[in-house]
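Trainee: Dropping a structure here in structure tokens format, bear with me for questions.
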Amino acid sequence: MSEVIGIDLGTTYSCVAYINGQQPAVIPNLEGSNTTPSVVSFTATGEPLVGLPALRQAITNPENTVYSVKRLIGKKYDSPEISQLRDRFPYRMAEAPNGDILIEAGSLVYTPQEISALILSYLKRCAENYLGTEVEEAVITVPAYFNDHQRQATKDAATICGLKVLRIINEPTAASLAYGFNTRKNGKLAVYDLGGGTFDITVLEIQDGVFHVLSTSGDTFLGGDDFDNRLIAWLLDEFWKEHGVDLSQDRFALQRIKEAAEKAKRELSFTPETEINLPFICATERGSLHIQKKINRSFFENLTVDLVERTLVICEQALKDAGLDISRIDEVILVGGQTRMPLVRRMVADYFKRQPAARINPDEIVAMGAALQASIIKGQTRELVLLLDVTPFSLGIETENGMFQKIIERNTTIPARKTMAFTTVENNQRRVRIHVLQGESQVAADNKSLATFDLVGIDPAPAGVPQIDVTFEIDADGILRVSARDTATGREQKIEVKPAAGLLPEELQEIIERRQKEVKNRNEEGLL
Ligand code: AMP
């Protein structure tokens, strides 16, 4: 029988777990570590390396080493967040014909889904190696604040590498599941999750095995990388002031600075002072130049305090949405590597007026929760656990005057299904265009476009007579399906779905076939 696993597919690190007996346990990777860098590097022959071997290539082969792909998945090339980020990555990106992102490495281009698939495939292999059996199914976690495209793209990544996704669950919900499973306490919980690239806050209630998410809020562009970037920007600035040399365009130097900044940041979580030492960072006609800087914790805290403040504003929103005062929270749990920073712990403790729960490994708890959920779905646990999650955004359609009509409100428990009736605006109108959006603004253009649907073949009738029922359905993975029906004729109408982003089924199939061929070739060459 094949085993099921839980995967925390992180921005910077990923982790995989399974259920050993009745307890969740982390599966070490092929190098023996509990977490794997979410990095893929392509060698000169185009062979992909994943995890630690890939991370080691980051300095010598920066242009072909892809990291933080989770920040790109399900995003548009020209979206404001990506435009801001593009120049900071040493690898190159291009725009796909549908506006999605493509990553250029060596002579090939990859979708973010394919890069994530390589990471998932490596984790699958680690699990198979460790468990000594095939692994075909997994629960994969995503930030609670991931939108429909990002969730679908994550699912597609799993499909590419031959993993069946039992469920996509939200990282904070997974963490609460593992925590609640261990402590068996009832009460209201705030899960503060600050990872490498994303921030999520989830407020939930645990009552006798029912995990009921009350609200969730977050920012998919706020995480540990931003803390690193503050230090990087300061180092570049100092170097410019001291030497008049701009290192920001030097990909090799930038990669070394990035690594050193992240390492210094981690050290400052445990020591009051650290030193960044980068000899021979660049060569000029005046000779080689070096970086040598002492940094203390309070300096770094000043540099980043506003980032933590931003997370607290989001916490405020989540509490408001849950209709709870801070005093009603019984426990705060911290998830994500960045919560190891003392400033984060201090500010979160001050804000919630309580110390966060101890003895939680923020790097492993999400994968453990995912493994638990996998075993619950497969009926392998004795416990009776029910997970009631919510949708993080309001979903609806654009109305005639450019306004946004919400059909499902944010923080609605999922799975959810709701139908709303609409009509035509012109006499004898034969077709209506349904523009699906997510967001909170009343103005459609301010929200995120998800898809457009054409409902065709409406019987001629005066404006306002036909009744068109638009149904929104969100499944347990948080993925949305929309359908439209002309009830005037009583017949189901055909709808043309034009996804605004992501892979079309035929593109996904083509990638799967290509990937299978690559794996076969490598097997024949003895590379895998
Ligand atoms: P995750 O996505 O949960 O793996 O979080 C990874 C983020 O946590 C990265 O930005 C790391 O640099 C950061 N991180 C890991 N360990 C520490 C630490 N000791 N202090 C501060 N940040 C850390």
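The values are calculated or read from the model by the stated rules, or taken from the named source; none is laboratory data. Please read these numbers as outputs of a predicted model, since none were measured by experiment. Cβ coordinates were reconstructed from backbone atoms using ideal geometry, including for glycine residues, and neighbour counts include every protein chain displayed. For the accessible areas, the whole protein counts, side chains as well, though only heavy atoms, and no ligand, DNA or RNA atoms are used. Shrake-Rupley method; radii C 1.70, N 1.55, O 1.52, S 1.80 Å.
Trainee: Any chance you could check the Cα centroid distance between the range 193-221 and the range 333-375 for me, in angstrom?
Mentor: If you average the Cα positions of each part, the centres end up 11 Å apart.
Trainee: So how do 40-50, 459-469 stack up, highest first, on mean other-Cβ count within 10 Å? Walk me through the numbers on the way to the answer.
Mentor: On the way: 40-50: 18.3, 459-469: 14.4.
Answer by packing, highest mean first, reads 40-50, 459-469.
Trainee: Then there's this: Tell me the accessible surface of residue 266 in square angstrom (1.4 angstrom probe, heavy atoms of protein chains only), to the nearest ten.
Mentor: 110
Trainee: If r is the Cβ-Cβ distance from residue 249 to residue 326 and R0 is 35 Å, what FRET efficiency results, to the nearest 0.05? Let's see the in-between values first.
Mentor: Values: r = 46 Å, r/R0 = 1.32.
The pair residue 249/residue 326 has a calculated efficiency of 0.15.
Trainee: To continue, here is another question. Go ahead and collect, in residue order, the members of the range 447-477 whose backbone nitrogen is under 20 Å from a label point 7 Å along the Cα-Cβ direction of residue 164.
Mentor: 475-477
Trainee: Tell me which residues come under 5 Å, amide H to amide H, from residue 324 once H is placed; ignore anything under 5 positions away on its chain.
Mentor: Hits under the 5 Å cutoff: none.
Trainee: Same structure, new question: Rounded to the nearest 0.05, what FRET efficiency do residue 2 and residue 401 have when you use their Cβ-Cβ distance and R0 = 51 Å?
Mentor: It comes to 0.45.
Trainee: At a Cα cut-off below 22 Å, give the lysines reachable from residue 517, other chains included and same-chain residues fewer than 8 away excluded.
Mentor: Candidates past the 8-residue exclusion: 124, 155, 164.
Trainee: Between residue 277 and residue 475, what FRET efficiency comes out of the Förster formula 1/(1 + (r/R0)^6) with R0 = 41 Å and r the beta carbon distance, rounded to 0.05? Please list the in-between numbers first.
Mentor: Working: r = 51 Å, r/R0 = 1.25.
Efficiency computed from Cβ-Cβ geometry: 0.20.
Trainee: Take every DSSP beta bridge with both residues inside the range 44-200 and express the antiparallel ones as a percent of the total, to the nearest 5.
Mentor: Values: 10 of 16 bridges.
For the range 44-200, the DSSP antiparallel bridge percentage is about 60.
Trainee: Determine the shape class of the range 169-276: with a ≥ b ≥ c the square roots of the Cα gyration tensor eigenvalues, call it rounded for a/c under 1.5, and otherwise prolate if a/b is greater than b/c, oblate otherwise. Can you show the working numbers first?
Mentor: Working: a/c = 4.11, a/b = 2.84, b/c = 1.45.
It comes out prolate by the Cα gyration axes.
Trainee: So what's the gap between the Cα centers of the range 261-326 and the range 398-434, to the nearest angstrom?
Mentor: 45
Trainee: Toward the positive end of the charge dipole of the chain, about the Cα centre and with charges on Cβ (Lys, Arg +1; Asp, Glu -1), which of 64, 450, 17 goes farthest?
Mentor: Looking along the dipole axis, the top candidate is 17.
Trainee: Using the per-residue mean of other Cβ atoms lying within 10 Å as a proxy for protection, in what order, highest first, do the peptides 212-220, 441-449 fall? Walk me through the intermediate numbers first.
Mentor: Working: 212-220: 23.0, 441-449: 14.9.
Top to bottom by mean Cβ count within 10 Å: 212-220, 441-449.
Trainee: Where a Cα-Cα gap under 17 Å defines reach, which lysines qualify for residue 406, not counting those fewer than 8 residues away within the same chain?
Mentor: Once the sequence-local lysines are set aside, what remains near residue 406 is 418, 448.
Trainee: Here's another thing I want to ask about it. So how far apart, in nm, are the two label points at residue 388 and residue 293 if each is 7 Å from Cα heading toward Cβ?
Mentor: Here the answer is 5.0 nm between the modelled labels.
Trainee: Could you tell me whether the range 224-302 comes out rounded, prolate or oblate from its Cα gyration tensor? Rule is a ≥ b ≥ c as square roots of the eigenvalues, rounded for a/c under 1.5, then prolate if a/b exceeds b/c, otherwise oblate. Before the final figure, lay out the partial values.
Mentor: Numbers: a/c = 2.03, a/b = 1.80, b/c = 1.13.
Note, shape of the range 224-302 comes out prolate.
Trainee: How large is the dipole of the chain about the Cα centre if only Lys and Arg carry +1 and Asp and Glu carry -1, each at its Cβ, rounded to the nearest 20 debye?
Mentor: Numbers: 58 positive and 73 negative charges, 139 e Å.
Around 660 debye, computed over the chain.
Trainee: Let me check against my output: what whole-number percent is the relative contact order of the range 395-496, with C-alpha pairs under 8 Å and at least 6 apart?
Mentor: Details: 224 pairs, mean separation 29.2, N = 102.
Rounded, it is 29 percent for the range 395-496.
Trainee: How do the peptides 378-385, 482-489 rank, highest first, by the average count of neighbouring beta carbon atoms within 10 Å per residue? Mind showing how you got there, number by number?
Mentor: Values: 378-385: 11.9, 482-489: 17.1.
The most tightly packed comes first, giving 482-489, 378-385.
Trainee: Sum up the lysine pairs in the range 224-302 that clear both bars: alpha-carbon distance under 15 Å and a spacing of 8 or more or different chains. Each step should come with its number before you reach the end.
Mentor: On the way: 241/293; 258/293; 263/293; 263/294; 265/293; 265/294.
Taking the Cα cut-off of 15 Å, the pair count is 6.
Trainee: Sticking with this one: Under 16 Å from the Cα of residue 188, which aspartates and glutamates turn up, not counting those fewer than eight places away in the same chain?
Mentor: 205, 208, 316, 321, 325, 330, 331, 389
Trainee: Follow-up question, since we're still on this one. How far, in nm, would the chain grow between residue 507 and residue 487 when pulled straight, counting 0.36 nm per residue and subtracting the alpha carbon separation?
Mentor: Values: separation 20, 0.36 × 20 = 7.20 nm, distance 3.41 nm.
Full extension from residue 507 to residue 487 adds 3.8 nm.
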